[in-house]
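Reviewing the structure listed below.
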Amino acid sequence: MAGFIIGLHSLQAQDSRFVVHLCDKDTSNNPYSLEAPGEFLSQEALERRSRFGIVPDMTDLPLSPRYTDSISRHVSRIQNRSRWFNLLVVEAPDSVMPAIKSQPFVDSIARVAPASPTEKKTTQQPVKNTQGHHYTAISSSLDSSAYGYTWGQIQMLKGHHLHQGGYQGRGLTIAIMDAGFRNADKLPAFDSLRANNQIRSTADFEDHDGNVYESNRHGTMVLSVIAANIPGVYRGTAPKADFILLRTEVTASEYISEEYNWIAAAEYADSAGTHIINSSLGYSTFDDSTQDHTYQDLDGNTTPITRAADMAAAKGMLVVSSAGNLGNNSWRYISAPADADSIITVGAVDENGNHASFSSVGPTADGRIKPEVAAQGVATAVASPDSSLLYGNGTSFSAPIITGLMACLWEKFPNLNNMQLREKLIQNASQSDNPDSLTGYGIPNFSMAGNMGFETLAADAVRTYPNPFSKHFTLSLPTINLKKQTLSIDIYDIMGKKRFTRQFTQTLPPQVRIDALHDAPPGIYLVKISLNHELVTKEKVVKK
């Protein structure tokens, strides 16, 4: 997995951090091969790919050990690495860069941070690049429902209907990228996570010390929105999900190197079999102004973290990102990776569904709608590392509301892929037919999403009879809603010639009689059934 430290030298005070892009994967000497992906991808990651027809490719292949060993001899340490983008992040003095750049396998080098890593902070400051957080103590009386203080933020999205159906995120793994998870290993709010071993792993991609529980409180609060469970007092949106806690953010400084921390963490999450990534982080300006992103960079294809978010989506993960809290300042717009085109970007509204003035707005530089949806980010109930409950403001807290409910939705519709789930969310939001740059397609309705829009079509629900047949046969199909969907039936002979095709876009009859083969020769025919051009099942029929 990405992120291990290797190096032959101790860190020096004058070291800087550099990203080293490599030319290729050295396939002739690389001990890893795409013919044996189990040697570098976990079984969970391979199962996710297989389930959704994603074939491992060169971006999955690990970096060449020959290249990394050669570079490690010149640097103090390898901070992180990325197989997706074939790069290393190293710490070394400027003086060794010419020697590294002269290597024939090195494509380019760029400085991404000064000197050695900043010391881990334990102050209760908000994450620097999600400015605008404000917390107040909860003092009002509990809601009469079992949700306690979280009733309003879940009920707004009708998420409780999924919970009432028994869907609470079971079987889904959520990776949270953040600045730290202080005391999450001790808080009573997470007792059930610990008792049921729902925290699968943790990793720190900045300090690499393996302890994410000593740093910033921000991730603890984000985690609580999804996972905390205090009966009658506080209930998260997916309390039965599994979690991977990943520290990528440094609160004491801001350099683009943190985007590369995020990339390494996303690859770790991929290898660990993650289904959903929650990222309540955003990047636009840095302590080194030469690294600043411009609005034109927010085109979905430019910043390192945005490209990584889309790559994570290409690997089958659902990525949920906060829009940012810069709506009130001169920047106004979303920040990276919220501009990625294959993820869900979440803005903030108040308890009445009105756009929060601090919530960053769209569109992207290339004119796409952002954010996609919005959830409560004003006076959102969160659990604090000191065991108190607070109301917090920020898209950092509206995003995990969506993340948890998407886990519940995926539990209900396990045959949908990440992009189908994203579309399902958008189609069942309050202004899906008239989106804007403030809240995008609006506030989702998870009750409608759980019953309408994209319906899963299970392969074993399709029946063919009689089989064998003489002149015609009948396909028995389950009842599904075809709103904005297309179901296709195609029949091929043994030589691959298409003999029949038919599409349904409005209503689907429970039975479809196939007469097209009445004068075809005897033999085996293949019936392919697809939903939105994604193959659902193949059925063999035999004509006598």
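General observations
Quick grid of which residues meet (1) in the same structural domain as Tyr167 (by TED's automatic domain parsing); (2) under 22 Å from Gly236 (Cβ atoms); (3) polar (S, T, N, Q):
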residue: Tyr391; (1), (2), (3): yes, yes, no
residue: Gly404; (1), (2), (3): yes, yes, no
residue: Lys412; (1), (2), (3): yes, yes, no
residue: Asn415; (1), (2), (3): yes, no, yes
residue: Arg422; (1), (2), (3): yes, yes, no
residue: Ile426; (1), (2), (3): yes, no, no
residue: Ser430; (1), (2), (3): yes, no, yes
residue: Asp436; (1), (2), (3): yes, no, no
residue: Tyr441; (1), (2), (3): yes, no, no
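- Of all residues making up the stretch 217-248, the number that are surrounded by fewer than 24 Cβ atoms within 10 Å (Cβ to Cβ) and under 13 Å from Asn278 (Cβ atoms): 1
- Residue selected from the stretch 476-534 under the condition in a loop (DSSP other than H, G, I, E, B) and on the phi > 0 side of the Ramachandran plot, by the criterion modelled with the highest pLDDT: Gly496
- Qualifying residue in the stretch 351-369 (condition: among the hydrophobic types (A, V, I, L, M, F, W, C), in contact with a helix residue (DSSP H, G or I) (Cβ under 6 Å, 6 or more places away or on another chain) and modelled with pLDDT of 95 or more): yes
- Some residue of the stretch 112-121 being over 20 Å from Gln14 (Cβ atoms) and at pLDDT below 95: yes
- Within the stretch 10-37, if we keep just the residues that are within 30 Å of the chain's Cα centre (by Cα) and not in a loop (DSSP other than H, G, I, E, B), the residue that is modelled with the lowest pLDDT turns out to be Pro37.
- Among the residues of the stretch 394-417, those identified as among the polar types (S, T, N, Q) and surrounded by fewer than 24 Cβ atoms within 10 Å (Cβ to Cβ) are Asn415, Asn417.
- Residue in the stretch 80-94 that is farther than 25 Å from Gly273 by Cα, modelled with pLDDT under 95 and exposed (fewer than 13 other Cβ atoms within 10 Å of the Cβ) present: yes
- Just one of the listed residues (Ile426, Ile402, Ile443) is hydrophobic (A, V, I, L, M, F, W, C) and in contact with a Phe, Trp or Tyr (Cβ under 7 Å, 6 or more places away or on another chain), namely Ile426.
- Positions within the stretch 418-437 being in contact with a strand residue (DSSP E or B) (Cβ under 7 Å, 6 or more places away or on another chain), crowded, with 20+ Cβ neighbours inside 10 Å and part of a loop (DSSP other than H, G, I, E, B), in sequence order: Asn428
A quick yes/no check of all residues on (1) in contact with a Pro (Cβ under 6 Å, 6 or more places away or on another chain); (2) more than 26 Å from Ile443 (Cα to Cα); (3) modelled with pLDDT under 60:
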position: His134; (1), (2), (3): no, no, yes
position: Tyr149; (1), (2), (3): no, no, no
position: Gly165; (1), (2), (3): no, no, no
position: Arg170; (1), (2), (3): no, no, no
position: Ala195; (1), (2), (3): no, yes, no
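- Residue list for the stretch 535-544, restricted to those being of a type in the set (Lys, Arg), modelled with pLDDT of 80 or more and within 28 Å of Asn415 (Cα to Cα): Lys540
- For the residues Gly171, Gly159, the requirement of being out of contact with any Lys or Arg (no Cβ under 8 Å at 6 or more places or on another chain), closer than 18 Å to Thr403 by Cα and surrounded by fewer than 24 Cβ atoms within 10 Å (Cβ to Cβ) singles out Gly171.
- Any hit, the stretch 297-316, residues being crowded, with 24+ Cβ neighbours inside 10 Å, over 11 Å from the mean Cα position of the chain (by Cα) and part of a loop (DSSP other than H, G, I, E, B): yes
- Number of residues in the stretch 271-283 that are modelled with pLDDT of 95 or more and assigned to a loop (DSSP other than H, G, I, E, B) equals 5.
- Within the stretch 182-199, one or more residues are more than 18 Å from the chain's Cα centre (by Cα), in a loop (DSSP other than H, G, I, E, B) and crowded, with 24+ Cβ neighbours inside 10 Å.
The values are calculated or read from the model by the stated rules, or taken from the named source; none is laboratory data. Bear in mind that the values here come from a model prediction, so they are computed numbers and not experimental data. Glycine also receives a Cβ, built like all others from the backbone with ideal geometry; neighbour counts cover every protein chain displayed.
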